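Any read-out appearing in this document is the output of simple, stated calculations on the displayed coordinates, not a laboratory observation. Here the structure is a predicted model, which means the values were calculated and not measured. We place every Cβ from the backbone using ideal geometry, glycine too, and count neighbours over all the protein chains shown.
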Amino acid sequence: MSKPRVAVHKFSSCDGCQLGILNLEDELLDLVGIIEIAYFLEATSKIQPGPYDIALVEGSVSTPHEKKRIQEIREESGVLIAFGACATSGGIQSLRNFVDHTKLAEAVYDHPEYLDYLEKATPISDHVKVDLEIHGCPVNKYQILEAIIALLQQRTPNFPTHSVCLDCKRNGTVCVMVTQGIPCVGPVTRAGCGAICPANGRGCYGCFGPAPQAEFDAMIPLLQAAEEYPNQTVHLLRNFAGYAPAFRNAVDAMLEESPKK
């Protein structure tokens with residue numbers, strides 16, 4: 001029986017999520033015994049043509065070339081997994097979506113007219129059907145492992161759906177917002193990072209994206225009350241996963257409400 005063929009693709013990103021796969025180390029040795037890694041330029045220059053049973057895609061769609069390429073990848077892939085904040089919500093490069101992108105290009109490049117890019121950097125799901133998303137900046141490497149194993153076992157992956165706050169309580173970490181007044185978006189952020197930031201005395205900044213059923217209406221007034229500088233809440237939510245609909249809608253509602261106050 002042939003092994004399932006897996007491809008790992010990169011779009012606009014920093015490569016950190018692909019490194020998460022390589023950082024599996026011992027687990028990766030076991031994994032390659034049950035799957036065939038047919039395309040993964042971060043790990044090997046050897047390329048095997050599609051189709052592929054599973055495609056993992058890192059990065060956002062930021063150029064016309066990428067927009068065309070993701071369509072081609074979708075056609076040759078059985079299951080398509082978007083992994084990492086860039087692939088699931090646009091990533092840090094989607095910050096340009098909130099401003100005039102032409103001014104950014106003019107500020108950075110001497111000849112912006114040579115650039116060929118899209119007006120907005122967007123997640124993979126804005127362009128093709130995505131079968132599974134793995135959140136995080138970077139992703140939790142064990143969630144990648146869980147996703148692949150679950151697909152091979154024909155079951156639903158077991159990912160956490162609670163917020164970062166629950167992990168803080170499980171770890172015995174005292175709430176930085178309650179005890180120190182540090183703004184923290186942990187209550188509205190998806191778990192998966194192990195609540196590293198609060199454990200080190202700083203607030204969560206939402207790198208795993210919005211938690212399912214997050215209560216923004218209750219959380220935002222608390223964040224605003226703890227702000228150390230104006231609009232800090234806006235900046236916290238417009239971060240690595242800032243273009244995720246739940247974060248984006250929460251900020252839009254705040255900005256619409258501000259002139260009325």
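A few points about this structure:
- As computed over segment 20-130, the Cα convex hull volume per residue (Å³): 128 Å³
- Mean residue ellipticity (222 nm) of the chain, computed from DSSP H runs ≥ 4 via -39,500 (n - 2.57), nearest 500: -10000 deg cm²/dmol
- Lys-Lys pairs in the chain that are eight or more residues apart or on separate chains and whose Cα atoms lie under 20 Å of each other come to 13.
- Segment 141-261: relative contact order in percent, alpha carbon pairs under 8 Å with at least 6 residues between: 20 percent
- Legend note: in the chain, cysteines whose Cβ sits 4.7 Å or more from every other cysteine Cβ are Cys14, Cys17, Cys86, Cys165, Cys168, Cys175, Cys184, Cys193, Cys197, Cys204.
- Relative contact order computed over the chain (Cα-Cα under 8 Å; 6+ residues apart), in percent: 17 percent
- Treating r as the C-beta distance of Lys129 and Ala150 and R0 as 22 Å, the FRET efficiency rounds to 0.75.
- Separation in nanometres of the label points that stand 7 Å from Cα toward Cβ, at Val108 and Asp26: 4.1 nm
- For the chain, modelled as a GNM whose springs connect Cα atoms under 10 angstrom apart, the maximal fluctuation among Thr102, Thr233, Thr173 occurs at Thr102.
- Of the DSSP H helices in the chain, those whose Cα atoms cover at least 15 Å axially and whose Kyte score averages 0.5 or more: 141-152
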